[in-house]
Each structure stands twice: as C-alpha cells, then as structure tokens.
Amino acid sequence: RTPEELAAVAAGGLETGALVRILFLVAGLWWAVFTFIPYLRLKDHPALKPDAHVSLGNSFRQLRETIDHARDYPQTLRFLLAFLFFNDGVQTVIAAAAVYGQYELGMKQTYIFLAVILVNIFGIVGALVMGRIAGRRGAYSVVMGALFIWILLVGVGFVVPKGSVALFLLLAIGIGLVVAGTQALSRSMYSQLIPRGREGEYFSLYQACERGTSWLGTLLFGVVHQLTGSYRWAIVALVVFFAVGIVLLRRVDMRTGVVAAGVAV
C-alpha cells in the first residue's frame, strides 16, 4: 500500500478533532498503566533528613548544597553538562518535528498523527534493542553511537523533499528507534555516577538542570528560522547540540566516575 493508504487506514476515516482526542486518551492510558510499575515494584527509602521542613527556601538551599557537593565529582558534572546539550537537541527535534512536517514539508495532519504513533511504537522497540546492545557493549558506547545517529537523522530531515510522505514516516521511525533508548540509557549512566545515599537530590539536580536549559534548543530553532525564513536551516542548526554533546561526553571517564561515586564496577 502507498503511504497515503496506510495513513487513511491508521486514521480510520476519523476527523482531525477525533484523532487528537484519541491520541490524548491513549497517552493518558499509557501513563496510567506504567505509573503502577514503579508504584508497586520500587521500594521507598527513608529520608536522610526526616525532620527537614519542606519549603521553597529550603528547596533552593538544598539545590545549592547539592551543586556544592557535586563539585567533588567532576565526572558526574561533565556527564551532566554533556547531557544538557544533547538532550536539549533531542527535546527540540521532538517538539519541532510536527511544525517542520506541516509547514516545511507540507504534510497533512493525518500523516503527522501517524508519525507521532510511529515514534511511540518504535520507541519501545528501540529502547529494548539499545538496552540489549548496552548490556554487551556498555551504555556509554551505545549513547555515543546514538548521538551520531541523531546527527544523521537531522541531516536527512534537512534534505527530505517537500511532500515526501514515505521519507517523512521513515524519519519518524528512525527518531523512534533512538529517542527512548538515548534518554533511558543516559539516566542509567547518570545513576552510576551518583554518590551512594544521595540519589534523590542528584536526580532532582538532573531534572532542574534539564528543565532549566530546555528553552535553548527552541530559542536557536526560532532565531535561525527568523533569520533565514526556512525551517530547514532551523532544524539542521540543532546539530550543534548533538556535536557539543559528543565532544563533552568524550571527556567523561565513566570508570573513574563510578569508582569515585562508590558504585561497584
């Protein structure tokens, strides 16, 4: 079947509004189901400071203390800095993909919805495959390889002809195969670089830094589009984040960082 016929089958003849509602419902069910896995299987550890008063001021104070403590773990900070760059590229590609498909490639909403579905389906496949490869070759090598694949995908997106549904959907499959694995393995690597007993506060730092810099990719995308008037140059500009992430990640010595954090090698 042609891509148009496949998209029609996937849409089931539904209108755009109905498709959006269904996608939101599926996303909600997905989160609801997988929320029970950590709730039922993960053990809760007692707080190191059970009597600490929870407040906005104490939260920022704890964040500052964590940053000060992390200075004694340079490999952890190097990895976190590398992650901030390449993850910003990942998040921006995902966020800008629909805009790029619609306004630069001229894709109909049906194809964009189908692309979103493909990204999520193949995200599961990619995460499982990358996890297995990481079990044999190590998460560091797999994440590094994935970043080069991201650069390739952005480059392919730059040259995809306008109106090419097949290439657009293949690009969505490619993104799906690396997106979940990149993020999951990055968290796994970071967890090995966290000092024992401080997992909660270090992952809070991880999230604070991630959210605090997530606007950089969107800013670059928007600025390049304003300067060039082209979404193609805007999307290819995101290669900078992956390239910088690769350079910084190469400076991370995982073995040294794991030993310093007190995690068994």
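Distance from the Cα centre of the range 62-95 to that of the range 220-254, in angstrom? Each part reduced to its Cα centre gives a spacing of 17 Å. Ligands, DNA and RNA left out, the 1.4 Å accessible surface of the chain is 66% carbon and sulfur atoms.
Using the heavy atoms of the protein chains and a 1.4 angstrom probe, tell me the accessible area per residue for the range 120-214 in square angstrom. With all protein chains present, the range 120-214 gives 47 Å² per residue. Working note: Cα atoms of the range 75-128, range along each principal axis, descending, whole Å: 45, 27, 10. Reported value for the chain: 162 Å³ per residue, from the convex hull of its C-alpha atoms. For the chain, set up a Gaussian network in which alpha carbons nearer than 10 Å are linked by springs, and say which option among TYR111, TYR73, TYR190 fluctuates the most. Among TYR111, TYR73, TYR190, the largest mean-square fluctuation in the Gaussian network model of the chain belongs to TYR73. Within the chain, which is the longest segment containing none of the trypsin sites (Lys or Arg not before Pro) that sit in a DSSP loop and have at most 14 other Cβ atoms within 10 Å? For trypsin sites (Lys or Arg not before Pro) (loop position, at most 14 other Cβ atoms within 10 Å), the longest site-free span of the chain is 72-161. Give the residue from VAL129, GLY200, LEU63 lying farthest towards the positive end of the charge dipole for the chain; charges sit on Cβ (+1 for Lys and Arg, -1 for Asp and Glu) and the dipole is referred to the Cα centre. Towards the positive end, the residue furthest out is VAL129. Which parts of the range 86-116 would a label at TRP233 reach, counting a residue when its backbone N lies under 16 Å from a point 7 Å out along Cα-to-Cβ? Hits in the range 86-116 for TRP233 at 16 Å: 104.
The values are calculated or read from the model by the stated rules, or taken from the named source; none is laboratory data. Keep in mind that this is a model prediction, so the values were computed, not measured. Neighbour counts run over all protein chains shown; Cβ positions are idealised from the backbone, glycine included. Just the protein is used for accessible areas: all its heavy atoms, side chains included, with ligands, DNA and RNA removed. Shrake-Rupley method; radii C 1.70, N 1.55, O 1.52, S 1.80 Å.
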